[in-house]
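Below: the structure, in structure tokens.
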């Protein structure tokens with residue numbers, strides 16, 4: 001089983017990253033901090049010539065995603081939604097769906113397991129819910145399974161560590177992912 | 001009364017732009033097509049030195065917004081949310097809130113009237129609702145008044161013209177904005 | 001084509017009823033004012049003996065619904081949801097799904113067209129959205145088509161007549177239903 | 001500190017009740033199983049004479065609520081919303097707001113702490129979210145504090161005991177309520 005985690009924060013060691021550390025500890029995870037990559041803006045995907053206009057890091061990232069069994073999106077709540085960094089990465093999928101270089105993108109996305117970890121400072125247990133609903137629609141569209149989400153509360157650095165509920169949920173996700181790993185490796189041995 | 005319209009589509013003459021044309025016709029509007037401007041990614045706003053790192057078009061745009069009485073956001077539904085182009089513009093507000101060059105940003109935003117026009121291809125009357133809820137939270141945060149939204153259905157170019165309900169709503173918004181203009185100019189004359 | 005309309009208001013000639021009058025005018029509609037009927041509370045549907053405990057008007061109403069092609073739910077926004085009167089009627093469907101007297105309930109519901117008309121006094125264009133999302137899930141569960149919804153603003157009697165957008169939407173729905181009627185009767189004649 | 005819990009299920013020892021047992025264990029709680037009481041339907045609250053038409057158990061229940069510091073609502077997810085039993089109880093608040101027998105209802109509700117515990121069988125972590133949003137609006141309206149919610153997954157009797165995340169959240173709520181109790185009794189002793 002392979003896990004890829006996409007981090008949408010622009011802040012190093014911010015609350016969402018910290019919460020994700022708990023959820024992902026002692027697991028083999030490919031971590032992608034989107035802020036470390038150059039991703040050009042979306043182009044008009046009806047004008048295919050534009051698709052080739054500029055090389056960037058996106059193709060390498062989407063390949064990582066296509067290879068993974070489990071995708072974890074980690075983002076702070078910025079303005080009551082995912083960060084523009086993460087949204088840009090997802091908006092680019094519209095090009096990939098039309099890109100002859102990735103003919104099997106839609107097929108590969110099917111049945112992938114998605115988890116979302118997010119932390120916000122302003123009443124996130126209520127005000128992050130539209131983002132949760134959006135992620136459900138995103139997953140539905142590509143027939144991915146939106147398996148779980150964790151909402152944490154935190155504004156200043158490290159504040160999420162005071163949100164017991166979020167910490168427990170992150171530990172639960174960690175246990176779950178570990179058990180999935182074990183099952184997968186058992187199945188692997190039997191092959 | 002001044003109106004500024006921010007367009008989040010990457011497509012020229014796309015459905016959301018067309019629907020907005022109806023809502024804004026015969027009105028004096030400052031139109032900002034975000035795709036025509038360079039807006040650098042958000043930076044870690046706790047590290048103030050980063051704020052000055054790169055010049056871009058954002059300061060000019062946020063000044064237009066601060067001067068307007070009415071703000072119209074126009075965006076296609078991309079992946080069940082606003083476009084990353086528009087989200088980036090909004091994410092940058094977090095820097096502006098801390099930027100000594102804009103000490104009155106929060107004050108200026110108060111009581112501004114906001115309208116949202118959006119068009120989507122996949123069941124937007126249901127699946128754009130999380131974006132509507134997000135916009136409500138955004139406006140609440142800055143004490144702006146989220147006055148109305150229009151959802152239209154359309155995928156291929158021009159398809160929104162078959163959505164009678166959206167066309168009527170756009171015409172209603174146009175009438176409303178014109179009446180506001182007239183009232184404002186009457187008040188102006190009396191001064 | 002047959003239309004059944006369920007009214008959830010406890011008030012005679014309230015705002016939601018008025019708005020529905022526009023949407024349904026000059027159409028043949030079976031109108032069910034739920035307040036005029038006795039519907040007993042839901043019982044524990046795992047204890048089938050309870051199902052027969054008390055006769056009420058529900059079986060007659062659900063038969064009307066099963067016979068219709070189009071179902072229109074009309075409810076004021078009470079406490080940011082549908083009225084308890086309408087919710088009780090819908091909760092009873094859980095018994096019907098298990099009731100041997102209605103073996104084809106689920107089958108009959110499939111592909112029925114559903115419309116929702118609602119009026120609220122407290123920012124309904126935002127605060128009625130959870131009810132819209134709930135209705136979508138309800139329709140999904142029974143594979144009904146949630147075709148449209150109309151939200152109107154109004155508190156005092158008749159106040160919805162000042163909501164131009166809602167009036168236009170109701171007129172649009174009326175036109176749509178009439179055109180459906182005509183198409184259906186054309187198809188009927190050809191048979 | 002006094003806690004009142006309103007149970008909206010029609011089933012004895014159902015999943016939502018079981019989950020609430022964990023959240024409320026070893027606490028002094030006034031438990032109100034709504035199914036055990038007679039609550040007449042809402043009446044047209046603009047016709048005050050109707051208010052006195054029929055005696056029922058509602059006045060006794062609303063008094064319990066007014067006396068409590070903490071209100072816990074417990075309901076299964078029925079048709080993607082709270083049960084009609086609970087919704088009826090809440091709809092009746094509209095009469096209480098106008099009832100001269102309860103002149104201080106609105107004042108008394110202010111700053112009460114509200115918790116919601118709900119269990120659903122069909123993807124409740126997503127499909128119960130509209131109910132959560134509704135409860136937020138309900139609390140906002142009366143200036144109550146919507147402190148937390150717990151969503152659990154379960155269909156058959158006892159199935160919620162397999163939802164680790166829900167069990168942890170219920171235990172967290174239990175700890176929190178106990179600590180509140182202790183603080184309150186400390187404050188009480190100092191008086």
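Every number in this text was worked out from the coordinates using simple rules, so none of it is lab data. Owing to the predicted nature of the structure, the values given are computational and were not obtained by experimental measurement. Please note: Cβ atoms are built from the backbone with ideal geometry, for glycine as well, and neighbour counts cover all protein chains shown.
Okay, here's what the table says:
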| item | result |
| --- | --- |
| Spherically averaged projected area in nm², based on the convex hull that wraps the Cα atoms of region B:102-147 | 3.6 |
| Evaluated at q = 0.09, 0.11, 0.12, 0.18 Å⁻¹: base-10 log I(q)/I(0), Debye formula over Cα of region C:40-191 | -0.36, -0.52, -0.62, -1.15 |
| Rounded to 5, the percent of DSSP beta bridges in the protein assembly as shown classed as antiparallel | 5 |
| Inter-copy separations for residue C:2, label at 7 Å along Cα-Cβ, nm, ascending | 5.3, 5.8, 6.2 |
| Max mean-square fluctuation residue, GNM over chain D, Cα-Cα springs under 10 Å, options D:76, D:59, D:103 | D:103 |
| Nitroxide proxy distance, nm - points 7 Å out along Cα→Cβ at residue D:21 and residue D:55 | 3.6 |
| Residue of D:31, D:112, D:64 that the Gaussian network model of chain D assigns the largest fluctuation, springs spanning Cα pairs under 10 Å | D:31 |
| Extension gain (nm, one decimal) between residue A:186 and residue A:40, 0.36 nm per residue minus Cα-Cα | 48.4 nm |
| For region B:137-191: span of alpha carbons on each principal axis (Å, largest first) | 48, 29, 16 |
| Average other protein chain Cβ within 10 Å of Cβ, residues C:134-143 | 5 |
| Gaussian network model of chain D, springs between alpha carbon atoms under 10 Å - residue of D:151, D:90, D:132 with greatest fluctuation | D:90 |
| Partner chain coverage, peptide C:85-92 - average Cβ within 10 angstrom | 5 |
| Residue mean of other protein chain beta carbons inside 10 Å, B:121-130 | 6 |
| Average silhouette area of region C:1-120, convex hull of alpha-carbon atoms, in square nanometres | 7.6 |
| Helix-only mean residue ellipticity at 222 nm for chain B, each DSSP H run of n ≥ 4 adding -39500 (n - 2.57), per residue, nearest 500 | -13000 deg cm²/dmol |
| Span from the region A:69-119 Cα centroid across to the region A:142-189 one, whole angstrom | 18 |
| Estimated distance in nm for a label pair at residue D:145 and residue C:104, the labels positioned 7 Å out from Cα along Cα-to-Cβ | 5.7 |
| Shape box of the protein assembly as shown [Cα atoms, principal axes, largest first, Å] | 72, 66, 61 |
